[in-house]
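Undergrad: Quick one: the structure is below, and I'll ask about it shortly.
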Amino acid sequence: MLASLAAAAVVAATSPATAPAGPLARVARPLTGVVVNIDPGHNPGNAAHASLINRIVHAGPIRKACDTAGASTNTGYPEWKFTLQLSTRVARRLRAQGATVTFTHALNTPAWGPCITQRAAIGNRADVAISIHADGAPAAARGFHVIRPAYVPRYTGDILRRSNLLAVQVRDSLRALHGIPVSTYAGHAGIDTRADLGGLTLSNVPKVFVEHGNMRNVADARLLASPREQERTAAALVAALVRWHRAG
């Protein structure tokens, strides 16, 4: 059952339009040939399937819950809706840059999850992966932060360098292009390093998590829900991926 859910969760993007061959194509569509996996955090059905998402899975050397229901703003705007909305905007911009885009899940597909182990496995079929989230910290805390994998023996050593480069590019791009400031409460200068996230530990490709703001903070929540701000955020993420890819 879990294998079938994982297979159903993969949503491949429409193939990019044919672009001119040669140097012009590389300039105009710099992500041509690159497969980017987008992992929208959580799922609208998670809260209704508590027994399934709370079961413990092996995430490398640690044991974690399969998934969680995610956070929400004080007015009821849920994290899963934010992550799906932003992911859709990011995917559209990535395709315009020539990328092929896959998702770990789309709206109501599957009905819950998938588990963090399955999300990592789906991402490992791509060239690079990004997991989109928003935090549920105390209300006084503000800001975004980018989470990169820590060194976990036998798991993350081969992706550390390029994941770190991606984290820096995403941090710098978000800091320059969108309205939510760098986190005041997590990480250092907008970057956190963690060994307790199964989606990072189990990744075989460069990957970062992005906590785009604190849903419990009134100022952050207003911006997270704003279509205009989501477009700015999407532009920042894609610009970071382009720079990261060009850096090699």
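Undergrad: I need the full set of residues from segment 125-166 which are in contact with a strand residue (DSSP E or B) (Cβ under 9 Å, 6 or more places away or on another chain) and among the basic types (K, R), in order please.
TA: Passing the criteria: R125, R142, R148, R162.
Undergrad: Same structure again: Sort out for me the strands (runs of 3 or more DSSP E) sitting completely within segment 55-153 that have 1 or more residues that are surrounded by 20 or more Cβ atoms within 10 Å (Cβ to Cβ). Steps first, please.
TA: On the way: elements: 56-59, 62-65, 100-103, 128-135, 145-149.
It comes to 56-59, 100-103, 128-135, 145-149.
Undergrad: Which condition breaks for I180 when tested against (1) within 30 Å of I56 (Cα to Cα); (2) crowded, with 20+ Cβ neighbours inside 10 Å?
TA: (1)
Undergrad: Shifting gears a bit: Among the numbered conditions (1) closer than 21 Å to I116 by Cβ; (2) outside any helix (DSSP H, G or I), tell me where A167 comes up short.
TA: (2)
Undergrad: To continue, here is another question. Would you please list the contacts, defined by Cβ atoms under 7 Å and residues six or more apart or on different chains, that run from a residue in segment 154-168 that is surrounded by fewer than 16 Cβ atoms within 10 Å (Cβ to Cβ) to a residue that is not acidic (D, E)?
TA: Within 7 Å, the pairs are G157/Y151.
Only the coordinates and a few stated rules stand behind these numbers; no lab work does. Just so we're clear, the structure is a prediction, and the values are computed from it rather than from any experiment. Reconstructed Cβ throughout: ideal geometry from the backbone, glycine too, with neighbour counts over all protein chains shown.
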